[in-house]
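Please read through the structure below; I'll follow up with questions.
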Amino acid sequence: DDSAQLMLQCMEAWFVADRQSLGAYFGKDFKAAVLPARDDVEAIAKSDLERTLRQATRSCSKGKGIYRKGRHSFELLGCLDPSKVMEASPYARRLIDALKRS
């Protein structure tokens, strides 16, 4: 199959797949421990992702502050390690593999 489509319920699922990049982005006060600890990141409820990201960033400084989708999301996407996202997301792996073939 040479076609690929991307439809992601919540981009924040990919964020929790790469906690190291989240920590680097938000700084030393980022609390990764409050994020959902699951390997199947795409199965985490959107409300849980958004709530725990706000909790994890509540004490962050470095000018970033508490996570806000429009304020941080697209910049964060560019910071993610694709290999970590692919490891936690079979759909991301399929998309990236298809892009590499094209």
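All of the numbers you see were taken from the coordinates with simple rules; none came from a lab. Here the structure is a predicted model, which is why all the values come from computation and not from measurement.
Quick check on L99: is it within 11 Å of the chain's Cα centre (by Cα), under 21 Å from Q9 (Cα atoms) and not β-branched (V, I, T)?
no
If a residue must be of a type in the set (K, R) and under 19 Å from L35 (Cα atoms), how many such residues does segment 56-102 contain?
5
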